[in-house]
Structures are given as structure tokens and as C-alpha cells.
Amino acid sequence: MEEEPVNINEFRELARQSLPKMYYDFYAGGAEDQYTLKENEEAFHRITIRPRILRDVSGIDLSTTVLGYKISMPVMIAPTSMQKLANPEGEIATARAASTCGTIMVLSTSSSCSLEEVASCCNAIRFFQLYVYKRRDLSAKLVQRAENNGYRAVVVTVDSPRLGRREADIKNKLDVPPLKNLEGLLPNKFISEGGSGLEALASGTLDASFCWEDITWLKSITNLPILIKGVLTREDAIKSLEVGVAGIIVSNHGGRQLDYSLATISVLEEVVLAVRGKVPCFC
């Protein structure tokens, strides 16, 4: 681009120009028809502002607290995998940005940098996102490492018993690079004949039987608070309360899992009203 990007759309275009197509499609794409991916943005477009005027705005404070930790603004960094595909410093650069901005970074299990490397690079407040594997001992080891390295919460992703059909990744035959958190725990390479290496990784390792009763197991292996990521209905919000989670993340996985599911912003109020302030909710 001839000029420095100044908004998200321009950063997206810069990424499209700069990254190999396989990697751009991985970051930017959604599942199947990508309806939910588009709806995530369109739902925000339907929200308009009702301004009030002549108020004293000389001192504005956007800070808030999450699980008792003060952050500079009501915006956290969501877990995204394999960040070295876009930047050679990967998640370390993201953690340093979170520290500079005074907010929380959620590190993905499938990160390019290990949770130890990210923990030692700066003083950012960090949560750890967890996938639950068929071999529960692997997930338990990851949680213990997160706890030992100063992560403040476990964010368990619950909307991925099967990987969404990401057609761009299938067409591109997406190659999964080594995932540092899983070195020595899982094979270094997952190959799918005629398809995505990410799909091969997910189908070969993720525990499709993981259910509500297993939250008790997860709580038994850590002293960290547990947040559930992937709630889209009031019924599941109420169930989250019943199993004793510390927080709820309203998420449809960025439109990358179940296509034609609801936009997150459109169900946030439903979830918040269902729990009535008993646990924090994020979108």
C-alpha cells in the first residue's frame, strides 16, 4: 500500500497483499459459505449510536476489570493460532503489544511460540486457551504448564468437537507448521490426503466426547479460574453457571466452525440477561 493503514479494513488489505494466499485465506476465511463470518460484521453494522450532547468529556476512562485484573479498555486479545505465519516474532509480538496497551492476551494452545516463551517475554496479563484432547493427560500437562508460568485463567474452547469445514484451507491444502506447545506431545506433522493439515490435526487429536460433566474434571486439575469460550444461547449460559465457570465468552469461533450460526453481538444481551451478573460475559 502507498500509505500507512489507519483502520482494520486497510490492515486487512495490507495482509492480503503481503501474505502468501494460503496463510491469508487461513486467517481471513470462515467455514463453508462463510455466512456467519459475514454476519459477524453485518450485525455490528446494524447497531447505531444514539448520541447525547453537552456532556463533560474532558476526562474519559475506558478502563475496566476482568476477573479482578484492571485493563485499559474493554478489549482483550482473543486466542489465534500459528501467528508466525504472519510475523516472525509470532505470539511474542502480540504479548508485548498487549502489555504496552494494558490489556489481556489469551494465548492459543496452537501457538507458534511456546507458553513459556510468551510468559518470559514481557509482563502482560495472560490467559491460556485450551483444547481438550483425546489424551486427557496432554491437556492436563498444558494446564499445569500454564499455571506454573503465571497464566491467570484457562479459557476452554467448547465449540470444536469437529473442525468446521474451511473450504479455502482444503483447496490450499493448508500445511500446519510445528506447534511449540505440543512439541514432544503430538506428532510434528499432520497430513490429510487431498485436504487440510489442520483438519487432520483436529480429527486425529480433539476429544469429541468432551461434555458438561468434564468441566468437573478440568476444575479438579487446576486452581486457575475457568472460562468457557463458545456459548451462543441462554440455555448454555445457564448451564455454564451450573457447572461453576468463572466467565463466559460469547463466540462462534469467528465464523470458522458452524456456519449459519448466530452473530456473537446479536446474542450477547441474551447471554448476559441469562446469568444476571453472576459471572462476567465477553464477546
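Candidate cross-link partners of Lys173 among the lysines, defined by an alpha-carbon separation under 17 Å and a same-chain spacing of 8 or more, comprise Lys21, Lys189. Taking the square roots of five times each eigenvalue of the Cα gyration tensor of the chain, the equivalent ellipsoid has semi-axes of 28, 25, 21 Å, listed largest first. Give the shape of segment 140-283 as rounded, prolate or oblate, defined through the alpha-carbon gyration tensor: a ≥ b ≥ c are the square roots of its eigenvalues, a/c under 1.5 means rounded, and otherwise the shape is prolate if a/b is larger than b/c and oblate if not. Here segment 140-283 falls in the oblate category. Ignoring everything except DSSP H segments at least 4 long, calculate the 222 nm mean residue ellipticity for the chain; use -39,500 (n - 2.57) per segment, divide by total residues, nearest 500. About -10500 deg cm²/dmol. As a calculated quantity, the FRET efficiency between Arg12 and Cys122 at R0 = 30 Å, using C-beta atoms, amounts to about 0.70.
When peptides 123-135, 201-213, 76-88 are ranked by their average number of other Cβ atoms within 10 Å per residue, the highest-first order is 123-135, 76-88, 201-213. Magnitude of the charge dipole for the chain, about its Cα centre and with charges confined to Cβ atoms of Lys, Arg (+1) and Asp, Glu (-1), is about 620 debye. Kindly flag which residue pairs out of Lys134/Lys219; Lys219/Lys278; Lys70/Lys278; Lys229/Lys278; Lys70/Lys180 have an alpha-carbon separation exceeding 24 Å in this structure. Pairs exceeding the cut-off: Lys70/Lys180.
Here segment 21-51 and segment 258-283 have alpha carbon centers that stand 17 Å from each other. Looking at the square roots a ≥ b ≥ c of the eigenvalues of the Cα gyration tensor of segment 1-153, which shape do they give, rounded for a/c under 1.5, prolate if a/b is larger than b/c, or oblate? In terms of gyration-tensor shape, oblate.
Just so you know, all these numbers are worked out from the coordinates, no wet-lab data involved. It should be emphasised that the depicted structure is a prediction, and the values quoted were computed from it without experimental measurement. A quick note on method: Cβ atoms are made from the backbone with ideal geometry, for glycine too, and the neighbour counts reach across all protein chains shown.
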